1. Filter the chain for me: DSSP H helices, axial length by Cα at least 20 angstrom, mean Kyte-Doolittle hydropathy not below 0.0. List them by residue number.
2. In Å², what does the accessible area per residue of the chain work out to with a 1.4 Å probe?
3. Could you pull out which residues in segment 230-247 have an amide N less than 16 Å from a spot 7 Å beyond the Cα of T95, following the Cα-Cβ vector?
4. Treating the beta-carbon of each Lys and Arg as +1 and of each Asp and Glu as -1, no other charges, what is the dipole magnitude of segment 160-257 about its Cα centre, to the nearest 20 debye?
5. Given DSSP loops and a limit of at most 15 other Cβ atoms within 10 Å, what is the longest stretch of the chain that contains no such trypsin sites (Lys or Arg not before Pro)?
6. Search the structure for amide H atoms under 5 Å from the amide H of Q213, placed 1.01 Å from N in the peptide plane, and list their residues when 5 or more places away or on another chain.
7. Return the calculated 222 nm mean residue ellipticity for the chain, to the nearest 500 deg cm²/dmol, obtained by summing -39500 (n - 2.57) across DSSP H runs with n ≥ 4 and dividing by the residue count.
8. Among the aspartates and glutamates, which fall within straight-line cross-link reach of K59, defined as a Cα-Cα distance under 17 Å, with same-chain neighbours fewer than 8 residues apart omitted?
Amino acid sequence: FLFLLFRCSVYKLIKRFDETGSCSDRPKSGRPKVSTVREDRILVRMSLENRRKPVPALKAAWEANGVNVSCSTVRRRLEAVGLHGYVAAKKPLLTRTHKLKRLDFARRHADWTWVDWSTVLWTDESRITLFQNDGRVFVRRRAHERLRPDCIAPTVKFGGGGVMVWGAMSYRGTGFLTPVTGTLNARGYIDILENSAIPSAHYLGYGDNFFFQDDGAPCHRAKIVKTWMQDNHIATLQDWPPQSPDLNPIENLWHEL
């Protein structure tokens with residue numbers, strides 16, 4: 001097989017020389033690329049160095065390197081290597097202090113087993129909109145289907161309202177879901193602890209043997225709340241790091257709700 005392949009290649013080379021007087025490749029059909037592989041790599045590197053840089057700005061920077069192209073060409077080159085434009089995900093800002101506290105929390109609990117984590121009562125508040133989603137809604141449609149009933153996000157005046165709730169969950173199941181009226185302050189939070197948190201722990205069969213978790217909201221860390229915790233001998237998951245909703249598994253339950 002290799003002999004036949006080599007023989008065919010030699011035959012084509014001789015034929016090309018007889019017809020053109022040269023062994024060089026014949027001119028290829030179609031318009032040649034305006035950029036080389038090296039220049040494409042420069043474009044990709046510029047995009048990765050500043051991921052928010054728009055296509056027109058990338059085009060201008062690429063032209064400064066001697067490549068005269070259109071915005072469409074810039075976009076095609078980037079999409080060819082998997083760099084597509086997306087709406088940026090919104091996540092809490094983490095400063096260096098936040099990151100160090102998260103690392104410290106992880107190190108202090110690195111030796112915990114699933115048995116230890118199964119004793120944690122995870123709690124949180126969440127706002128649930130009654131009519132519409134607060135975020136962006138994406139649909140897949142054709143260009144002329146913009147106003148189809150199944151392709152729009154209906155709105156009502158003043159947003160349709162919503163409800164704030166407090167909830168708890170653990171390895172053993174879910175606790176009680178409690179509506180929050182108005183702005184939650186320290187006194188209101190103590191009322192939730194007395195009438196929802198402790199009853200949830202008893203309902204789930206923990207009795208007084210559990211670790212209580214909540215985030216660092218001001219109403220959670222008020223002096224009267226800390227005093228109430230101490231007076232009622234509530235063991236807490238110490239030093240919960242700020243800006244860390246992703247560490248609380250109840251967020252997944254809120255998503256399902």
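The values are calculated or read from the model by the stated rules, or taken from the named source; none is laboratory data. Treat the numbers as computed from the prediction; the structure is a model and nothing was measured. All Cβ positions, glycine included, derive from the backbone under ideal geometry; neighbour counts span all protein chains shown. Just so you know, the surface numbers come from the protein's heavy atoms only, side chains and all, with ligands and any DNA or RNA stripped out. Shrake-Rupley method; radii C 1.70, N 1.55, O 1.52, S 1.80 Å.
1. Long hydrophobic helices here: 2-20.
2. Accessible area per residue, the chain: 74 Å².
3. Within reach of a label on T95: 241-244.
4. It comes to approximately 200 debye.
5. The reported range is 173-220.
6. So Q213 has HN proximity to L121, T123, L237.
7. Mean residue ellipticity at 222 nm (helix-derived): -11000 deg cm²/dmol.
8. In chain and number order, the partners are E39, D40, E49, E79.
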